[in-house]
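Asker: My questions will all concern the structure given below.
Read the figures in this text as sums done on the coordinates, not as results from a lab. All values reported here derive from a predicted model rather than from experimental measurement. Neighbour counts run over all protein chains shown; Cβ positions are idealised from the backbone, glycine included.
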Amino acid sequence: MRILLVEDEADLREPVAAFLRKHGYEVVEADSVRTAEEELIEVEPDIVLLDVMLPEGADAGFEFASGLREAGYQNPILFMTARDAVDDRVHGLDLGGDDYLTKPFSLDELEARVRALLRRQGGVRRSYFERGPLRVDYAARKVQFSGKEVDLSGREFALLEMLSLEPDRVYTPAELLDRLFPGSDSGLKIVRVYVHRLRRKLGAAVIKTLPNGYRMGLE
């Protein structure tokens, strides 16, 4: 899942981005509204994490969120800001924000809120996926195979999650590389490595190889 993180303070933005990437998310960083708008031209994120006070002004985050909603953006927006007044919270939610987290905050809490918002996306998120001996619990980020819990890394879970959310869709290696391993110097090799890792842990049938890519396996 792709996150747009809009935060001008590098000493906060960079640790948040690193933490979320460790948990398997793709994070696009922006330090201003202008940069965020440029990123939005390339791709629509699954969720926006948004500071309120940005270089463009004290209310720039609020204005950016309002503009997103007016433009038809329907995915979650989570404000994360030092402005903790009740009026600010109400204003942010009235503008179309889905959640409001005040600084300083726990990275674990932030990631939990991200998961909760993504789960609530209508029709996009189910609470779990089950096929054959495989069960993927999206909320708890746990995987069971034949009733036994299997330990996956963040990137392994992200790959399995992506395939299982649309189990009949065929993903090309290039799509998987772009979504899950942005900036990797390993090229398509890294995709093959992680497909191999999942097959080793969950059985060869868990991912089906087709001439043009990969899709969820098992019956």
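Asker: Within region 143-179, list the residues whose amide N lies under 20 Å from a label point set 7 Å along Cα→Cβ of residue 186.
Answerer: 151-164, 171-179
Asker: Where does helix 60-70 land angle-wise versus the long Cα axis of the chain, in degrees 0 to 90, nearest 10?
Answerer: 60
Asker: Rounded to the nearest 0.05, what FRET efficiency is calculated for residue 22 and residue 149 with R0 set to 25 Å and r the Cβ-Cβ distance?
Answerer: Working: r = 20 Å, r/R0 = 0.80.
The computed FRET efficiency comes out at 0.80.
Asker: Please list, in order along region 107-115, the HN-Hα scalar couplings obtained from phi with the Karplus expression 6.51 cos²θ - 1.76 cosθ + 1.60 (θ = phi - 60°), rounded to whole Hz, x for Gly and Pro.
Answerer: Taking θ as phi minus 60°, the curve returns 5, 5, 5, 4, 5, 5, 5, 4, 4 Hz for region 107-115.
Asker: Sequence gap of 8 or more, or different chains, plus Cα separation below 19 Å: how many lysine pairs satisfy both in the chain?
Answerer: 5
Asker: Consider a paramagnetic label point 7 Å from the Cα of residue 116 along Cα→Cβ; state which residues of region 18-53 have an amide N under 19 Å from it.
Answerer: The answer is 20, 47-51.
Asker: With each run of n ≥ 4 DSSP H residues scored as -39500 (n - 2.57), what mean residue ellipticity at 222 nm is computed for the chain after dividing by its residue count and rounding to the nearest 500 deg cm²/dmol?
Answerer: Values: 8 runs with 90 residues, N = 219.
The helix contribution divided over the chain gives -12500 deg cm²/dmol.
Asker: Which of 142, 148 has the fewest other C-beta atoms within 10 Å, and how do the rest follow up to the most?
Answerer: 148, 142
Asker: If you don't mind, another one. Stretch residue 205-residue 175 to full length: gain in nm at 0.36 nm per residue minus the Cα-Cα span?
Answerer: Once the chain is fully extended between residue 205 and residue 175, it gains 8.7 nm.
Asker: Quantify how much of the Cα-Cα distance distribution of the chain extends past 29 Å, in percent. Present the calculation step by step, with values, prior to reporting the outcome.
Answerer: Numbers: 7190 of 23871 pairs.
Tail of P(r) above 29 Å: 30 percent of Cα pairs.
Asker: Kindly provide log₁₀ I(q)/I(0) values, in the same order as q = 0.10, 0.20, 0.23 Å⁻¹, from the Debye equation applied to equal alpha-carbon scatterers of region 2-119.
Answerer: Result of the Debye calculation: -0.24, -1.12, -1.58.
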